[in-house]
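Novice: Starting off with a structure, shown below.
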Amino acid sequence: MLPAAYRLHASTDFSEVVRRGRRAGRPTLTVHLLPGTEGCARAGLVVSKAVGGSVVRHRVARRLRHLLRDRIASLPPGSRLVVRAAPPAGVATSAALGADLDAAVNAALSKLARR
């Protein structure tokens, strides 16, 4: 799982990242990435009821946390990432979620580089 030090917890953090961060979407998810300067990169998940019932939502969240654990070190230091699951994430495989996560994060990083 994703260690607590790498997770976003406060709703104000989520709001700031979604409002000010660079967005990139894919069929199963959307990411919002806000660069930082110091500290470790942190990530948070948003999995709404549109994804499915509680069992499906928790399964999607577990899969995404597992995928983020391996990818969090590749983010710029101090950056914050919010991953919002879309309804197709409820039936997607872990491989599909991983591919969409990689593509969306790379797209958001390239948008930051153009800034």
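Novice: Any idea what the alpha-carbon Rg over 2.2 N^0.38 Å comes to for segment 4-108?
Specialist: Normalised by 2.2 N^0.38 Å, the Cα Rg of segment 4-108 equals 0.98.
Novice: Whole-Hz Karplus ³J(HN,Hα) for segment 61-66, in order, using 6.51 cos²θ - 1.76 cosθ + 1.60 and θ = phi - 60°, x for Gly and Pro?
Specialist: 4, 4, 4, 5, 4, 5
Novice: Which ³J(HN,Hα) values, rounded to whole Hz and listed in residue order, are derived for segment 87-99 from phi using the Karplus coefficients 6.51, -1.76 and 1.60 in 6.51 cos²θ - 1.76 cosθ + 1.60 with θ = phi - 60°, glycine and proline given as x?
Specialist: Once θ is set to phi - 60°, the couplings for segment 87-99 become x, x, 5, x, 10, 6, 7, 4, 5, 5, 4, x, 5 Hz.
Novice: Return ARG84, ARG69 ranked ascending by Cβ neighbour count within 10 Å, so the fewest neighbours appear first. Don't jump to the answer; show the numbers that get you there.
Specialist: Values: ARG84 20, ARG69 14.
So the ranking, lowest neighbour count to highest, is ARG69, ARG84.
Novice: Near the amide H of ARG7, under 5 Å away, which other amide H atoms are found, from residues 5 or more places off or on another chain, if H is placed in the peptide plane?
Specialist: ALA43
Novice: I'd like to know which of ALA41, PRO88, GLY52 lies farthest towards the positive end of the charge dipole of segment 27-115, counting +1 on Cβ of Lys and Arg and -1 on Cβ of Asp and Glu.
Specialist: Farthest towards the positive pole: GLY52.
Novice: I'd like the Karplus ³J(HN,Hα) series for segment 41-54: coefficients 6.51, -1.76, 1.60, θ = phi - 60°, whole numbers in Hz, and an x wherever there's a Gly or Pro.
Specialist: 5, 10, 9, x, 10, 10, 10, 8, 5, 5, 6, x, x, 4
Novice: Follow-up question, since we're still on this one. Can you list residues from other chains, or at least 5 along the same chain, whose modelled amide H is less than 5 Å from the amide H of ALA86?
Specialist: It is LEU29, THR30, by chain and number.
Novice: Related question: Tell me the net charge near SER74. Cut-off is 15 Å between Cβ atoms, SER74 excluded, with +1 for each Lys or Arg and -1 for each Asp or Glu.
Specialist: Taking every other residue near SER74 into account, the sum is +2.
Novice: Rounded to the nearest 5, what is the percent of antiparallel bridges among the DSSP beta bridges in the chain?
Specialist: For the chain, the DSSP antiparallel bridge percentage is about 60.
Novice: Another question, then. Quick query: amide H of CYS40 versus all other amide H atoms, modeled in the peptide plane; which residues come in under 5 Å with a sequence gap of 5 or more or a different chain?
Specialist: Under 5 Å from the amide H of CYS40 lie the amide H atoms of GLY78, each far enough along the sequence or on another chain.
Novice: Using only Cα atoms and rounding to the nearest 10 degrees, what angle (0 to 90) does helix 11-20 make with the longest principal axis of the chain?
Specialist: In the chain, helix 11-20 runs at an angle near 70 degrees to the longest axis.
Values quoted throughout were computed directly from the atomic coordinates according to the rules given, and no laboratory measurement underlies them. What you see is a predicted model; the values in this text were computed from it and never measured. All Cβ positions, even for glycine, are placed from backbone atoms using ideal geometry, and neighbour counts span all protein chains on display.
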